[in-house]
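Contents: one structure, followed by commentary.
The values are calculated or read from the model by the stated rules, or taken from the named source; none is laboratory data. Note that this is a predicted model, so its numbers are computed, not measured. Here the Cβ positions follow ideal geometry from the backbone for every residue, glycine too, while neighbour counts run over all protein chains shown. When the accessible area is computed, the model is the full protein with side chains, heavy atoms only, and any ligands, DNA or RNA have been set aside. Shrake-Rupley method; radii C 1.70, N 1.55, O 1.52, S 1.80 Å.
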Amino acid sequence: MTVQTPANAPRALWRPNRDRAKLTQNIVKVICGSFAAISILTTLGIVATLFFETLSFFGDVPFWQFLTDRKWTPLFASKEFGIFVLVSATVMISIISVLVALPLGLLAAVCLSEYATPQTRKFLKPMLEILAGVPTVVYGYFALLTVTPFLKGILGALPFIPEIKNFNALSAGLVLGIMITPMVASLSEDAIFSVPQRLRDGAYALGATKRETVTAVVLPAALSGIVSSLILAVSRAIGETMIVTLAAGANPTLGFNPFVPVMTMTAFIVQVTKGDAVHGSIAYQTLFAVGTTLFLMTLLLNIFSFWFVRRFREKYD
Amino acid sequence: MNTDHSVTENLPSRASQFKPNLWNRYTQDRIFAILSWGATALAIAILIWLLATILIDGLSTLNWNFIDSFASRKPERAGIKAALAGTLWVMGVVAAVSFPIGVGAGIYLQEFAEDNWFTRLVEINISNLAGVPSIIYGLLGLAAFARILEPITGGRTILTGGLTLVLLIMPVIIVATREALRAVPDSIRAAGFALGATQWQVIWHHVLPTAMPGILTGMILALSRAIGETAPLIAIGAATFIAFTPEGLQSSFTALPIQIYDWVGRPQREFHDLAASGIIVLMAVLLLMNAGAIYLRNRFQKSR
């Protein structure tokens with residue numbers, strides 16, 4: 001008997017409390033699940049706050065007036081609520097930024113994926129990541145204090161170009177384009193890189209040059225990824241705030257003149273929240289009406305991008 | 001017979017019609033290669049231009065006095081003490097709140113969740129939330145945290161700012177956590193189950209420690225995104241002129257990006273230089289955080 005004790009001792013010590021372990025497991029599962037549910041709560045919170053304030057906004061301002069007014073003066077005594085004044089500025093700046101980011105980003109993606117050696121790639125990718133990680137307020141500084149004087153110096157010397165104001169849509173759009181270039185580049189590069197090598201080999205076997213292979217075979221094969229990266233970048237550009245607030249000014253003007261100060265939707269939100277927007281005031285409600293417009297625009301773009309990828313993705317196995 | 005003859009007769013002429021035109025095509029090739037290298041070089045040149053401008057403008061006013069002084073109407077006496085303290089406080093809130101929640105949600109989705117409507121809803125939600133502009137989060141923070149939850153947060157305070165940024169970076173942390181968990185080999189889980197451990201015991205004692213460097217890397221990158229965010233903090237109504245360091249979670253505050261924004265928007269050139277100095281401090285903090293993330297990533301890769 002005494003001989004058996006040492007052998008039995010560890011077994012006697014080992015008392016698995018399975019009930020407690022299972023209880024802990026269930027409690028943890030519920031807690032983690034509720035953490036995951038916070039993401040749904042966030043979405044509901046965004047939709048609810050935007051919806052209810054916008055609803056009370058349209059209780060005061062007719063929806064038709066919101067769409068057809070030709071001025072945006074919600075903070076003045078004579079109020080007009082033409083949202084297209086803000087939308088036109090946002091769209092114009094986004095278009096300028098895409099004109100920068102599409103060629104730059106796409107060519108950089110082609111360069112990284114098709115031309116650069118692995119060593120160069122290893123050096124270039126972190127550089128683009130740094131560019132993507134620069135805070136937007138820094139880009140705002142750059143746009144207002146470096147790019148605008150630079151543009152004034154260069155374009156001011158050319159004939160037929162109107163005077164560039166200190167705040168203008170052009171420099172905001174250009175810098176915004178630089179900001180979204182890394183996004184276009186890295187997402188497009190993923191798409192281009194995943195095109196199978198045998199497609200390129202096939203093109204080479206038919207006697208195509210490298211450029212012909214890239215433009216006629218690789219880029220079309222990666223088209224869904226490229227387009228969706230571009231749409232996501234546009235959606236980012238529309239929602240960008242600091243660059244346009246600092247460099248494009250705060251002057252709601254209808255039209256597409258890139259040389260004068262304009263006011264985007266995001267810049268308006270900053271202008272109102274910087275002051276003390278009292279809850280219940282028309283300024284406070286306008287904030288959320290503009291926010292809803294912005295939210296819907298970016299949401300539509302994001303959904304379109306997801307749909308586009310799913311619909312047009314080329315599958316290679 | 002007749003047709004065969006005509007085909008053989010045509011063959012040489014068809015071959016002669018094919019002009020490879022190699023010189024032209026190779027020229028186009030070269031131009032295209034130059035263009036794509038040029039685009040990459042241009043992007044990097046602009047990055048260097050940006051960094052150089054900020055260093056040239058900001059280095060002259062960057063000294064200890066600048067870091068240890070409060071905001072002032074006189075540029076020579078202005079500094080970032082309150083802004084730096086505010087940023088540290090807000091980041092403390094963000095890190096303390098977002099880490100458990102983000103990692104917990106990531107664990108749930110990757111390890112516990114079955115493929116049902118709830119899981120799919122959460123997944124769609126997270127990818128959608130990642131595309132919502134940051135200023136919309138600011139509006140949510142303004143309505144939900146600063147107004148409705150005012151008894152808890154105290155209005156436009158550090159807590160409000162922190163919680164708003166938590167919601168903003170949550171998708172990033174969840175995605176990073178899931179990726180780190182996915183990289184843990186299943187053999188570790190199988191070994192734990194074979195010894196009779198519950199799923200949670202396996203996760204807590206074996207999977208999480210293995211995935212931790214990856215999770216921490218994602219966490220640092222998420223925080224480095226939050227630290228530069230300006231728009232949501234302005235939207236919740238953070239102050240631009242604060243001459244004291246925060247004393248608690250319910251203290252009103254300003255943050256480094258907001259202080260920079262305020263200085264850039266002023267007409268005097270002296271304030272622009274101060275803004276550049278502030279940017280140098282902000283970018284230095286960012287660089288340190290990213291270096292930490294890269295260090296963790298490398299250590300993680302070595303140990304596997």
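Things worth noting here:
- Cα centre as origin, Lys/Arg/Asp/Glu Cβ charges: chain B dipole, Debye: 380 debye
- Rolling a 1.4 Å probe over the heavy atoms of the protein chains gives the protein assembly as shown an accessible area of 48 Å² per residue.
- Under 5 Å, built H, 5+ apart or other chain: amide partners of residue A:72: A:82
- Once both labels are positioned 7 Å from their Cα atoms along Cα-to-Cβ, the gap between residue A:296 and residue B:124 label points is 2.0 nm.
- Per residue of chain B, the DSSP helices (runs of n ≥ 4 H) give a summed -39500 (n - 2.57) that works out to -23500 deg cm²/dmol at 222 nm.
- Mean sequence separation of contacting Cα pairs (under 8 Å, at least six apart), scaled by the length of segment B:64-303, corresponds to a relative contact order of 28 percent.
- Over segment A:68-312, relative contact order from alpha-carbon pairs under 8 Å, at least 6 apart, %: 28 percent
- Under a model in which nothing but the beta-carbon of Lys, Arg (+1) and Asp, Glu (-1) is charged, segment B:186-304 shows a dipole of about 560 debye around its Cα centre.
- Each label was represented as a point 7 Å from its Cα along the Cα-to-Cβ direction; for residue A:251 and residue A:127 these points are 3.8 nm apart.
- Cα-based helix-to-principal-axis angle, A:83-110 vs chain A, degrees rounded to 10: 60 degrees
- Computed on segment B:219-304, the Cα convex hull volume stands at 116 Å³ per residue.
- When the Cα positions of A:223, B:295, B:131 are compared along the charge dipole of the protein assembly as shown, B:295 comes out farthest toward the positive end, with charges on each C-beta of Lys, Arg, Asp and Glu.
- Sparsely packed loop sites in segment B:202-304 (the GluC sites (Glu not before Pro) outside DSSP H, G, I, E and B with at most 16 other Cβ atoms within 10 Å) comprise B:247.
- Ordering A:47, B:202 by accessible surface, largest first, gives A:47, B:202; the 1.4 Å probe counts only protein heavy atoms, with every chain in place.
- In segment B:84-146, inverting the average of 1/r over every pair of distinct C-alpha atoms gives 13.9 Å as the Kirkwood radius.
- With respect to chain A, whose longest principal axis is taken over its alpha-carbon atoms, helix A:169-193 is tilted by about 30°.
- Kirkwood Rh and Cα Rg combined as Rg/Rh, chain B: 1.20
- When Rg and the Kirkwood Rh are both derived from Cα coordinates, the Rg/Rh ratio for chain A amounts to 1.17.
- Size of the B/A contact, given as accessible area buried on both chains, probe 1.4 Å, in Å²: 6800 Å²
- Net charge of Cβ neighbours under 13 Å - reference residue A:71; Lys, Arg +1; Asp, Glu -1: 0
- Relative contact order, percent, segment A:1-150 [alpha-carbon distance under 8 Å, six or more residues apart]: 8 percent
- Residue B:205 contributes about 110 Å² of solvent-accessible surface, heavy atoms of the protein only, 1.4 Å probe.
- Among A:50, A:63, A:96 the positive-end extreme of the charge dipole of segment A:10-116 (Cβ point charges): A:50
- Normalised alpha carbon radius of gyration of the protein assembly as shown [divisor 2.2 N^0.38 Å]: 1.12
- Residues of segment A:249-277 that lose at least 10 Å² of accessible area (1.4 Å probe, protein heavy atoms only) when the other protein chains are present, relative to their chain alone, are A:269, A:270, A:273, A:274, A:276, A:277.
- Per-residue extension of 0.36 nm, minus the Cα-Cα distance of residue A:63 and residue A:155, leaves a gain of 29.0 nm for this segment.
- Per-pair calculated FRET efficiency, R0 = 41 Å: residue B:60 and residue B:244 via Cβ, rounded to 0.05: 0.90
- Taking only protein heavy atoms and a 1.4 Å probe, the accessible area of the protein assembly as shown is 66% carbon and sulfur.
- Take the Cα of residue B:193, step 7 Å toward its Cβ, do the same at residue A:70, and the gap between the two points is 7.0 nm.
- Most tightly packed first, judged by the mean number of other beta-carbon atoms within 10 Å of their residues, the peptides B:182-193, A:292-303 read A:292-303, B:182-193.
- Estimated 222 nm signal from helices in chain A, with DSSP H stretches of n ≥ 4 weighted -39500 (n - 2.57), rounded to 500: -23000 deg cm²/dmol
- Angle between chain A longest axis and helix A:18-60 axis [Cα atoms, degrees, rounded to 10]: 10 degrees
- Rounded to whole Hz, the Karplus (6.51, -1.76, 1.60) HN-Hα couplings of segment B:17-23, x for glycine and proline: 5, 6, 9, x, 6, 4, 4
- Average beta-carbon neighbours from other chains, 10 Å sphere, peptide A:128-136: 6
- Directionally averaged projected area (segment B:189-240, Cα convex hull): 5.3 nm².
- In segment A:68-312, taking the dipole from charged Cβ atoms about the Cα centre, the farthest positive-side position among A:128, A:117, A:265 is held by A:117.
- Working from the Cα coordinates of segment B:170-288, the gyration tensor eigenvalues give, after taking √(5λ), semi-axes of 44, 15, 11 Å in decreasing order.
- Note on B:54-65: average number of Cβ atoms from other chains within 10 Å of each residue's Cβ is 1.
- FRET E, pair residue A:26, residue B:295, Förster distance 35 Å, beta-carbon r, rounded to 0.05: 0.40
- Placing unit charges on the Cβ atoms only, positive for Lys and Arg and negative for Asp and Glu, gives segment B:38-166 a dipole magnitude near 640 debye about its Cα centre.
- Karplus-derived 3J(HN,Hα) values for segment B:273-283, using 6.51 cos²θ - 1.76 cosθ + 1.60 with θ = phi - 60°, are 5, 4, 4, 4, 4, x, 4, 4, 4, 4, 5 Hz; glycine and proline are entered as x.
- In order along segment B:245-250, phi translates into HN-Hα couplings of 8, x, 9, x, 5, 9 Hz, rounded to whole numbers, per the Karplus curve 6.51 cos²θ - 1.76 cosθ + 1.60 with θ = phi - 60° and x for Gly and Pro.
- Shape analysis of segment A:17-60 places it in the prolate category; the axes a ≥ b ≥ c from the Cα gyration tensor give an a/c of at least 1.5, with a/b above b/c.
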